[in-house]
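First the structure, in the form of structure tokens, and then the observations on it.
The values are calculated or read from the model by the stated rules, or taken from the named source; none is laboratory data. The model shown is predicted, which means the values in this text are computed figures rather than measured ones. Every residue, glycine as well, gets a Cβ built from its backbone with ideal geometry; the counts of neighbours run over all protein chains shown.
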């Protein structure tokens, strides 16, 4: 067990020390960290500082925290942040190939007023809902929680042989011939709800990046919507665009 520190430390210093201790095996995967009270004694720190440090460790995927159960170590190294480089419309629409999707649930739903606003449809319309978690290759820590809504006639996409790998919009085109004429993408800073935080293994109220993609056919009907919520520290959009050269012909 770690010896008591000689002086009081700030929460980010405590987090750095505990992260190193976990990496070095002092606190092995599957084991428990000392209680908050004990950590306060070891680091001569306030309970607030200790909780902030534990919150950080939870956010980067090293521990999971449960009331009355303490902090359990679930990984020896932090979850790497996925950086999606975007230099084209296609890259903006799709996730990198080194990720995959795991379905949590599928069901038919009726749009209430709130859902109708998201789907840009009339309240009372029927949709097929697919909820899933997306994981980077080789990681057990999800990068996002995605709610996909498609028209019921396309529900069969869940049987597509590459359903967990390629975009659902592409699956709809391959299976039904329906293609997207226009796509609207909204990127918004949000706060994770209790349910979202539980699925993503982070603290309720943590900052997040929410990306909504709406696919519209040539008739102007939205036939698919994907709403993906990413914990802020796990995902980055990196845009790069080359500026067109300005004409050297002088204006008259």
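Applying the condition of being at pLDDT 90 or above and out of contact with any strand residue (DSSP E or B) (no Cβ under 6 Å at 6 or more places or on another chain) to the stretch 139-157 and asking which residue is surrounded by the fewest Cβ atoms within 10 Å (Cβ to Cβ) yields 153. Of the listed requirements (1) touching a helix residue (DSSP H, G or I) at 6+ places or on another chain (Cβ under 9 Å); (2) closer than 24 Å to residue 139 by Cα; (3) assigned by TED's automatic domain parsing to the domain that holds residue 204; (4) modelled with pLDDT of 90 or more, residue 111 misses just one: (2). Filtering the stretch 171-202 to residues that are in contact with a strand residue (DSSP E or B) (Cβ under 8 Å, 6 or more places away or on another chain) and either closer than 26 Å to residue 73 by Cβ or assigned to a loop (DSSP other than H, G, I, E, B) (or both) leaves 178, 180, 181, 192, 196, 199, 200, 201, 202.
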